Structures are given as C-alpha cells and as structure tokens.
Amino acid sequence: MSFTYQAGTPFAGDGIKDVSGTIHDGSYTAIIGHTGSGKSTILQHLNALLKPTSGTVTIGDKVITNETNNKNLKPLRQKVGMVFQFAENQLFEQTVAKDIAFGPQNFGVSEKDALALADKMVAMVGLPHDVLEKSPFDLSGGQMRRVAIAGVLAMQPEVLVLDEPTAGLDPAGRHEMMTMFERLHREQGQTIVLVTHQMDDVADYADTVWVMAEGRLIKTGTPREIFSDPAWLKANQLGLPKTAQMAQQLIAKGFHFDPRPLTETELADQLLPQIGGGQHG
Amino acid sequence: MDKLLLGRYIPGHSWIHQLDPRTKLMASFYYIGIVFLANNWQTYLMMFVATLFMIWLSGIRIGFFLRGVRPLIWLILFTVALQVLFVRGGMVYWHWGWLWITKLGLINGAFIFVRFVLIIFMSTLLTLTTQPLSLADAVESLLKPLRVIRVPVTELALVLQIALRFVPTLMDQTTKIMNAQRARGVDFGEGNIFQQMKAVVPLLIPLFVSSFTTADELATAMEARGYQGGDDRTKYRILRYHQRDWIAAAGMAVLTGLLLLLRAY
C-alpha cells in the first residue's frame with residue numbers, strides 16, 4: 001500500500017511507498033528507521049486514522065481501502081489501541097480515573113465497569129492507587145504518560161501500537177514501562193507494534209523487526225538477522241544495540257561469538273568461558 | 001485541517017512573489033478600493049483582465065484561486081439573489097409579489113458577483129504569494145508613523161508575528177490530539193449538535209493546556225536569549241523598495257486612470 005500526504009496539491013509528499021507486510025497475531029514487532037522514514041505514517045494506517053492512497057490494509061477481518069467509509073470504524077479502533085508520541089497530551093478529564101475510563105466508555109463499557117478498569121490499569125502502569133482521584137494536570141510528566149498509557153490499555157485492545165512510548169522518560173521509568181509491555185506480551189499474548197529509536201529495546205523485546213527508509217519497507221526479519229550486518233545498518237543511519245556494539249569491539253580484540261549476542265545475558269554467557277570464568281563456574 | 005487556504009503561502013520566485021510585502025499589502029487594499037469604481041461592463045472587464053494578468057504573473061494555477069472562492073460561494077449567491085430579486089429597473093422579465101426580476105437587477109447581480117470574485121482573487125493572491133511573517137513585517141513598517149501617538153507598534157507586531165508563527169504549530173497539535181482521541185473512540189463531526197459539542201471537549205482542553213505550555217516555554221526561551229522589546233531593535237529582514245515596486249505602483253496608477261476614464265458617470 002502507498003500513502004501520499006495532501007495528494008493533488010503542490011505540497012503532496014510521499015508518506016510511504018509500496019509497503020507490504022504482515023504483522024502476526026501475538027507477535028512483538030518493532031518498526032525502526034531514520035526520522036521521517038514513514039514509521040508514524042504506517043502506525044496511523046493500523047487503525048484507519050489514515051487510509052491508504054492506493055492498496056489495502058487488512059486488520060483482522062476488516063479491509064481498509066481509499067474508499068472505506070469513515071463511519072463504523074469504532075470496532076476497529078477498539079481492537080487496535082494506539083499510544084501516540086507524548087501521549088500525555090491527550091489527557092483532559094477532571095480526574096485520572098475518569099480519563100482512563102473515557103476510552104472504554106466510548107466503546108460501550110458501562111461507567112462502573114470502566115472505572116473498575118481504571119482502577120486495575122493504574123496499578124498495571126505502576127502508579128499508586130491514590131492518583132485516581134487527582135487531576136491529571138497535577139501529576140509529573142512521567143506520571144501523565146503512564147496515565148495516558150493506562151487509558152489506552154483500559155480499552156483492552158487486541159493489538160497495542162506504541163509510538164516511542166518511552167521518549168523523554170528517565171532510564172528507570174523507561175525500563176519499567178518496557179518491562180510492563182513485555183509482561184503483557186508474554187503473559188497475555190498481547191500483540192505489540194513498537195516504533196522506537198532505542199535499538200536496545202528492539203534487541204531485548206521484539207521478535208520481528210521492520211526497517212523503514214524513505215517511506216519504503218527495506219528489510220524485515222528477526223532482531224538477530226537485522227543486527228547481523230552493522231555496515232548495512234550504518235548505511236541506513238541506524239545503530240546497533242549496546243550489547244552488539246560491545247561484542248563487535250570484543251571481536252576486534254580477538255574474541256569469538258556465535259551467534260552474535262543481542263541481550264546482556266547472551267553476551268555474558270558467551271563471554272564468560274572466553275575470559276576463563278567458565279572453569280570456576 | 002490541510003485544506004485551510006487562508007494564509008497559505010505557496011513558495012515561488014515570480015515577479016509578484018518578489019515584490020516588497022508592503023507594496024503587495026498596500027496594492028491589494030488599493031485594488032479592492034478601486035474595484036468599487038467600476039460600474040459598467042467595460043470597467044469590470046478591464047479589472048477582470050488586470051486580475052488575470054496578475055494571477056498569470058504570480059505563476060500560480062487558477063485552481064487555487066477558485067478554491068478561495070468556494071467557502072464564500074453561499075454568501076456571494078445570497079447577495080446576488082438579493083440584488084436580482086429586489087432591484088427594479090429596465091425591462092421586467094418576471095414578477096411575483098415584491099419579487100421582481102428586471103434587467104437592471106440582473107446586471108447589478110452580475111456586477112456584484114464579479115466584484116466579489118475580483119476581491120477574493122486579489123486577497124488570495126496576496127496570501128498565496130506572501131509569507132505571513134513578511135506580511136506582519138509589512139504591517140509593522142506601515143504602522144510605524146502611529147508611534148508618534150504612542151501606539152505600541154513593535155509590541156503589536158510581535159503579537160501578530162507570534163500568533164502567525166504558531167498557527168501551523170497549533171494545527172499540527174490539533175491533528176495529533178484529534179487522532180489520539182479518535183483512537184480512543186471519539187467521533188468528530190458525527191451525531192447531533194450536543195454529541196458534537198461534547199466531542200470537542202477532549203480536543204479543546206488538551207489544546208488549551210498545550211498552548212499555555214508553549215506560550216510559557218516561548219517566553220522563557222525569549223528571555224533566556226535576552227529579548228527586550230522596544231523600538232530600537234534592529235531587524236534581520238530589512239524591507240526595501242526596489243524598481244519593481246515602483247512599477248507595481250505605476251501599474252496601479254494607470255489602472256486607476258483608465259477606470260476613471262471608462263466608468264459611467
């Protein structure tokens with residue numbers, strides 16, 4: 001499918017071109033690429049906020065084309081929960097509880113059930129119970145982000161789409177958020193689509209990677225496949241995860257890795273015998 | 001949101017684009033003033049040709065100008081209808097109660113229609129070929145004489161410039177928040193008037209909050225860089241009249257002369 005911004009004006013610009021791919025149920029897909037490569041444009045197609053200029057998007061049993069009517073998209077939007085960049089900007093209610101309950105209520109959940117969901121989700125995103133009655137605007141930026149994420153989780157979507165959910169958070173907060181998403185994926189089989197610039201997160205959590213450049217999908221594969229070619233990554237203005245960087249530096253010093261480690265644990269496991277730590281156990 | 005034409009600059013290097021923004025601003029106002037001098041088909045035809053010539057000079061497709069007319073078409077048709085139905089004179093073609101369709105009414109209606117179109121084309125030409133910030137500079141420069149009577153011209157110009165500068169930012173922000181709320185199941189522009197009003201709340205509150213944050217951050221950033229208002233500030237973009245500005249002024253003068261010559265008295 002392709003998408004052109006402002007088609008038919010001198011401002012027309014290609015968003016994405018001839019992108020074709022499948023995101024499987026229950027997968028954890030990371031979409032990476034240089035700024036302006038079309039990542040966010042793809043995301044907006046996943047719940048029909050944008051419709052393809054040509055081609056089709058199929059989500060579950062719903063097919064979206066250029067001609068799709070804007071009505072009756074609600075069931076689709078409930079299925080695909082979308083956490084936008086700087087999601088804290090979407091907060092508006094008087095209390096945190098009401099804001100989290102807003103999404104589910106739009107999709108027909110009763111107020112009582114929605115507030116119960118809010119109660120559950122606040123705990124899930126790691127906020128204390130007493131924020132529920134506070135105004136979202138009295139919270140810190142990081143806490144607001146969590147409330148916004150809770151608001152999307154409360155919709156109980158089948159697919160969770162995350163657009164740089166940890167941008168601007170401190171390292172501890174980042175780790176906590178990413179672990180929370182990982183738990184959702186592992187324990188509840190939540191399908192996740194993550195757009196990120198953090199190669200470490202890609203290596204640690206994703207099972208499939210899409211690489212975008214200039215509006216095209218130029219490579220798909222497992223993180224191991226994608227990160228096995230540092231020169232190619234660099235040519236596309238992408239980096240390696242820190243662990244892979246370290247491994248590469250060690251290889252230059254005569255160490256051997258097979259396969260190339262991606263996570264800290266893998267790196268440590270392969271490194272230990274080589275530095276003689278293995279014998280001591 | 002992308003369809004907002006008013007204030008939408010189309011980059012280019014045409015003769016019109018290169019005119020001093022002050023010239024363009026004054027010429028547009030002047031032109032809209034002299035359109036009212038036209039009162040017979042010769043003068044309207046001349047103004048129409050002159051407008052088309054300026055549009056041709058700008059190198060922008062006529063479609064953009066027609067699109068500028070579209071949002072006002074009902075107002076125009078309403079005014080034309082009033083003229084056609086209520087002005088009486090000359091041959092009567094149709095008549096029912098107070099409503100008359102007469103020769104004079106039809107002619108007046110046609111003239112009003114052309115007048116509207118000319119005015120819209122001209123103001124569209126101004127906004128399509130001039131960056132909003134240049135326009136703000138032009139306003140500041142033209143208002144300068146008012147400083148004598150203590151009008152805070154530079155401050156007003158700053159307010160205008162900042163407001164213009166943040167129109168695209170606010171539009172981006174609006175799109176983003178609308179998307180986020182749509183993803184949470186809000187239907188904008190659907191349902192009855194009460195449902196629609198309710199749907200606007202989740203859009204307006206975040207928009208207000210982010211505008212205040214942006215304003216606050218901007219003020220801090222300006223102070224951090226030592227901004228001080230006042231009349232002594234120098235400018236990066238200095239406005240100067242060139243030869244083509246005088247040509248434009250002469251063109252307007254010739255047009256006025258011809259109008260005065262050809263119009264019916």
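We did not get these values from a lab; they are worked out from the coordinates using the rules stated. Here the structure is a predicted model, which is why all the values come from computation and not from measurement. All Cβ positions, even for glycine, are placed from backbone atoms using ideal geometry, and neighbour counts span all protein chains on display.
Here's the picture: charge each Lys and Arg Cβ at +1 and each Asp and Glu Cβ at -1 in region A:3-230, and of A:122, A:155, A:189 the one pushed furthest to the positive end of that dipole is A:155.
Over all projection directions, the Cα-based convex hull of the protein assembly as shown averages an area of 37.3 nm².
Extending 7 Å from Cα along the Cβ direction at residue B:260 and again at residue B:110 yields two label points whose distance is 2.8 nm. For region A:3-230, relative contact order (Cα pairs under 8 Å, six or more residues apart, normalised by length) works out to 29 percent. The mean count of C-beta atoms from other chains within 10 Å of the C-beta of residues in A:86-98, rounded to a whole number, is 4. When chain A is treated as a GNM with alpha-carbon contacts under 10 Å, the residue of A:163, A:25, A:200 showing the greatest mean-square fluctuation is A:25. Kindly provide the Kirkwood hydrodynamic radius of region B:143-224 in Å, to one decimal, from all pairs of distinct alpha carbon atoms. After inverting the mean inverse Cα-Cα distance, the result is 15.3 Å.
Per-residue ellipticity at 222 nm from helix content only, as computed over chain B with -39500 (n - 2.57) for each DSSP H run of at least four residues, stands at -23000 deg cm²/dmol.
Given C-alpha coordinates of region A:5-109, what is the ratio Rg to Rh with the Kirkwood estimate of Rh? Walk me through the intermediate numbers first.
On the way: Rg = 15.8 Å, Rh = 16.0 Å.
Reported Rg/Rh (Cα atoms, Kirkwood Rh): 0.99.
Over region B:1-128, Cα pairs under 8 Å with separation of 6+ residues give a relative contact order of 33 percent. Considering only DSSP beta bridges with both partners in the protein assembly as shown, what is the antiparallel share in %, to the nearest 5? Taking every DSSP beta bridge with both residues in the protein assembly as shown, the antiparallel ones total about 45 percent. Between the C-alpha center of region B:112-185 and that of region A:70-112 there is a gap of 34 Å. Shielding of peptide A:41-48 by partners, expressed as the average count of other chain Cβ atoms within 10 Å per residue Cβ, is 1. Averaging Cα coordinates gives a centre for region A:189-235 and one for region B:209-256; these two points are 46 Å apart. With 0.36 nm allotted per residue and the present C-alpha distance subtracted, the residue B:72-residue B:94 stretch has 5.1 nm of extension available. List residues of region B:104-126, by number, whose backbone nitrogen lies under 20 Å from a label position 7 Å along Cα→C-beta of residue B:41. Counting only backbone N, you get B:104-118. Over chain B, the reciprocal of the mean inverse Cα-Cα separation, the Kirkwood hydrodynamic radius, stands at 22.2 Å. Membrane-span-like helices in chain B, defined purely by DSSP H runs whose alpha carbon atoms cover 18 Å or more axially and whose average Kyte-Doolittle hydropathy reaches -1.0, are B:21-35, B:41-58, B:73-86, B:103-129, B:153-183, B:193-224, B:243-262. Taking each of A:71/A:98; A:17/A:71; A:120/B:198; A:51/B:176; A:17/A:74 in turn, the alpha-carbon distance tops 21 angstrom for A:71/A:98; A:17/A:71; A:120/B:198; A:17/A:74. The length gained on full extension between residue A:129 and residue A:63, counted as 0.36 nm times the residue separation minus their Cα-Cα distance, comes to 19.7 nm. Nearest 500 deg cm²/dmol is fine: what mean residue ellipticity at 222 nm does chain A get from its DSSP H runs of n ≥ 4 alone, each adding -39,500 (n - 2.57), divided by its residue count? Dividing the helical sum by the residues of chain A leaves -11500 deg cm²/dmol.
Scattering from region B:119-180 was approximated by placing one identical point on each alpha carbon and applying the Debye formula without solvent; log10 I(q)/I(0) at 0.14, 0.24 1/Å stands at -0.56, -0.96. Residue exposure proxy: B:236, B:93, B:9, B:31, ordered by other Cβ atoms within 10 angstrom of their Cβ from fewest to most, comes out as B:236, B:93, B:9, B:31. The slack in the chain from residue A:158 to residue A:188, taken as 0.36 nm per residue of separation less the alpha-carbon distance, amounts to 9.8 nm.
Shown in residue order for region A:88-93 are the 3J(HN,Hα) couplings computed by the Karplus curve 6.51 cos²θ - 1.76 cosθ + 1.60 at θ = phi - 60°: 4, 5, 8, 6, 8, 6 Hz (x for Gly and Pro). Using θ = phi - 60° in the Karplus curve 6.51 cos²θ - 1.76 cosθ + 1.60, the 3J(HN,Hα) couplings for region A:139-149 round to 8, 6, x, x, 5, 4, 4, 5, 4, 4, 5 Hz; x is entered for Gly and Pro. Here is the P(r) of region A:50-202: all C-alpha pair distances, binned every 10 Å from 0, give 11, 39, 34, 15, 2 in whole percents. Stokes-Einstein diffusion of region A:185-281 at 20 °C, 1.002 mPa s viscosity, Kirkwood radius from Cα pairs, rounded to a whole number: 145 µm²/s.
The amide H of residue A:16, built 1.01 Å from its N in the peptide plane, has A:3 as neighbours under 5 Å, considering only residues 5 or more places off or on other chains. Stokes-Einstein diffusion for region A:11-50, with the hydrodynamic radius set to the Kirkwood value over Cα pairs and evaluated at 10 °C in a medium of 1.306 mPa s, equals 136 µm²/s. How compact is chain A by the rule of thumb for globular proteins, expressed as Cα Rg over 2.2 N^0.38 Å? This ratio for chain A stands at 1.11.
Using C-alpha pairs below 8 Å separated by at least 6 residues, the relative contact order for chain B is 28 percent.
With each label modelled as a point 7 angstrom along the Cα→C-beta vector, the residue B:211-residue A:197 pair spans 2.9 nm.
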